[in-house]
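Enquirer: I am attaching a structure below and will ask some questions about it afterwards.
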Amino acid sequence: MRKGNLLNIRDLSVEFHTDSGIVKAVNGMNISLNRKETLGLVGETGAGKTTTALSILNLVPDPPGIITSGTVEFEGEDLLKKKDKEMQKIRGSKISMIFQDPMTSLNPVMTIGEQIEEVYELHTDLSKKERHEKAGNMLEVVGIRRERINDYPHQLSGGMKQRIVIAMALACNPEIILADEPTTALDVTIQAQVLELMKDLKQKYDTSIIMITHDLGVIAEISDYVAVVYSGSVVEYGSTKQLFTDKKHPYTIGLFNSIPSLTGDVERLKVIPGMTPDPTDLPNGCRFHPRCEHCMERCKVEEPGVYEVEEGHSVKCFLFDEYKREENGDE
Ligand code: SF4
């Protein structure tokens with residue numbers, strides 16, 4: 001895995017201790033992010049994508065969550081070692097998060113202006129008047145007239161609400177935005193507008209984005225690099241072009257095959273056989289082996305390493321073990 005110049009997650013593992021057992025949500029996650037880059041984290045529901053994002057912000061609920069291993073190095077420091085007070089300064093100002101459903105992020109009894117102003121209140125020394133002025137500016141940045149500053153969330157459409165959430169996330173010009181399925185709750189045309197807005201704002205503010213999604217269309221639209229996540233770890237990593245033109249891992253190939261084609265008649269969509277593994281009882285060896293048509297004997301007992309198939313393109317699968325094995329943290 002290459003080393004990013006902004007964020008490096010190494011060997012991150014997170015468990016949740018529940019009444020039904022220990023849920024192994026993240027299992028040896030390795031991710032790197034460079035400045036001004038968008039990394040798409042793609043995978044099925046329950047793959048550990050959101051838990052990874054929450055770990056970056058040190059927001060895994062404890063209990064029941066425990067980060068059992070790993071480091072989250074941001075600007076040279078391990079965020080997992082920071083005290084809560086230090087993290088409060090980083091959250092919202094250096095690293096922000098956009099959640100899937102804007103209604104759960106917005107306070108229904110505060111105006112949208114007050115909610116953007118609150119971000120400045122927490123992270124800057126601006127006066128009330130300056131905060132109000134800046135909140136109006138942010139509304140215009142996300143394409144909403146500043147006269148609407150005294151509106152409440154229920155007076156806005158779903159797309160506008162998500163724009164407000166984006167305005168709040170960008171207010172302090174963070175280094176990284178963690179966008180967790182930010183367009184899933186929106187209809188398709190609004191989805192395209194919000195993605196376009198995020199792309200424009202990324203250029204304007206030089207922000208890096210980690211885009212969490214299960215939608216390969218969103219990945220194609222916005223990402224520079226893609227990490228395919230299965231059962232809590234990255235199974236394939238590469239540039240968007242490498243992933244879309246030369247995917248290697250059987251799981252990635254299955255994901256792409258399950259996209260409906262716009263050309264040609266297809267009676268049934270191809271699906272990946274079987275279900276995502278139960279995180280309280282993960283399979284031994286390669287965690288994809290019960291669903292993999294290429295499964296070999298060693299896949300059932302040994303966990304595959306990460307093999308670099310070409311520069312910047314790595315795969316966690318024994319089918320590629322003739323390639324150079326990567327060491328974590330190496331370029
Ligand atoms: Fe399939 Fe084996 Fe590769 Fe896992 S390591 S994806 S089971 S071939």
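Each reported figure results from applying straightforward, stated rules to the coordinates on display, with no laboratory input. Being a predicted model, the structure only gives us computed values, none of them experimental. Heads up, the Cβs are rebuilt from the backbone with ideal geometry, glycines too, and the neighbour counts pull from every protein chain shown.
Enquirer: Does segment 80-231 classify as rounded, prolate or oblate by the C-alpha gyration tensor (a ≥ b ≥ c root eigenvalues; a/c under 1.5 gives rounded; else a/b over b/c gives prolate, otherwise oblate)?
Expert: oblate
Enquirer: If you don't mind, there's one more thing I want to ask. What distance in nm separates the two pseudo spin-label positions at Lys36 and Glu293, each 7 Å out from Cα along the beta-carbon direction?
Expert: Taking the simple label geometry, Lys36 and Glu293 are separated by 4.2 nm.
Enquirer: Take the Cα atoms of the chain, build their convex hull, and give its volume per residue in Å³. Write down the numbers at each step before the final one.
Expert: Values: hull volume 50.1 nm³, N = 331.
With only Cα atoms used, the chain gives 151 Å³ per residue.
Enquirer: What percent does the relative contact order of the chain come to when contacts are Cα pairs within less than 8 Å and at least six residues apart?
Expert: Taking the mean separation of contacting Cα pairs over the length of the chain, I get 22 percent.
Enquirer: Indicate the gyration tensor shape class of segment 160-228 (rounded, prolate or oblate), computed on the Cα atoms with a ≥ b ≥ c the square roots of the eigenvalues: a/c under 1.5 is rounded; otherwise a/b larger than b/c is prolate and the rest oblate.
Expert: On the way: a/c = 1.68, a/b = 1.13, b/c = 1.49.
Judged from the Cα gyration tensor, segment 160-228 comes out oblate (a/c at least 1.5, b/c at or above a/b).
Enquirer: Something else about it: Per residue, what volume in Å³ does the convex hull of the Cα atoms of segment 1-122 enclose?
Expert: So the per-residue Cα hull volume is 143 Å³.
Enquirer: Let me ask you something else. If packing is taken as the average count of other Cβ atoms within 10 Å, what order do 297-308, 120-131, 34-45 fall into, highest mean first?
Expert: My ranking of the peptides, most packed first, is 34-45, 297-308, 120-131.
Enquirer: If the only charges are +1 at each Lys and Arg Cβ and -1 at each Asp and Glu Cβ, what is the size of the charge dipole of the chain around the Cα centre, to the nearest 20 debye?
Expert: Once rounded to the nearest 20, the dipole reads 520 debye.
Enquirer: Now, a different point. Near the amide H of Thr68, under 5 Å away, which other amide H atoms are found, from residues 5 or more places off or on another chain, if H is placed in the peptide plane?
Expert: Residues meeting the criterion, in which the H sits 1.01 Å from N, are Ser13, Val14, Glu15.
Enquirer: Holding the Cα-Cα limit at 25 Å, pick out from Lys247/Lys324; Lys36/Lys85; Lys82/Lys161; Lys199/Lys248; Lys82/Lys129 the pairs that are longer than that.
Expert: From Lys247/Lys324; Lys36/Lys85; Lys82/Lys161; Lys199/Lys248; Lys82/Lys129, over 25 Å: Lys36/Lys85; Lys82/Lys161; Lys199/Lys248; Lys82/Lys129.
Enquirer: Report the equivalent ellipsoid semi-axes for segment 188-331 in whole Å, largest first, defined as the square roots of five times the eigenvalues of the gyration tensor built from alpha carbon atoms.
Expert: Numbers: eigenvalues 159, 87, 41 Å².
The three semi-axes for segment 188-331 are 28, 21, 14 Å.
Enquirer: Is segment 59-161 rounded, prolate or oblate when judged by the Cα gyration tensor, a ≥ b ≥ c being the square roots of its eigenvalues, rounded requiring a/c under 1.5 and prolate requiring a/b larger than b/c?
Expert: The shape class here is prolate.
Enquirer: Just to confirm the number: angle between the C-alpha axis of helix 188-205 and the first principal axis of the chain, 0 to 90 degrees, nearest 10?
Expert: Approximately 80 degrees, to the nearest ten.
Enquirer: I would also like to ask the following. Taking only Cα atoms and a 10 Å spring cutoff, compute GNM fluctuations for the chain and point out the largest among Pro260, Pro108, Pro250.
Expert: Pro260
Enquirer: Next question. Each label point is 7 Å from the Cα along the Cα-to-Cβ direction; what then is the distance between the points at Asp224 and Thr104, in nm?
Expert: Calculated label separation equals 3.0 nm.
Enquirer: Fewest Cβ neighbours within 10 Å first, please rank Cys317, Cys172 accordingly.
Expert: Ordered from fewest to most neighbouring Cβ atoms within 10 Å, Cys317, Cys172 come out as Cys172, Cys317.
Enquirer: Here's something else I'd like to know. What residues have an amide H closer than 5 Å to that of Gly92, excluding those fewer than 5 places away on the same chain, when H is modeled at 1.01 Å from N in the peptide plane?
Expert: Here Met97 satisfy the definition.
Enquirer: Using the alpha-carbon centroid of each, what span in Å lies between segment 27-94 and segment 101-135?
Expert: Using only Cα atoms, the two centres lie 24 Å from each other.
Enquirer: Could you tell me the center-to-center distance, by alpha carbons, between segment 273-315 and segment 223-246 in angstrom?
Expert: 15 Å
Enquirer: Sort 132-144, 81-93, 229-241 for me by packing, meaning the mean count of neighbouring Cβ atoms within 10 Å per residue, highest on top.
Expert: 229-241, 132-144, 81-93
Enquirer: Right, next: Starting from the Cα coordinates of segment 45-102, work out the convex hull volume and express it per residue in Å³. Kindly include the intermediate steps, with their values, before the conclusion.
Expert: On the way: hull volume 6.4 nm³, N = 58.
Hull volume over Cα atoms, normalised by residue count, gives 111 Å³.
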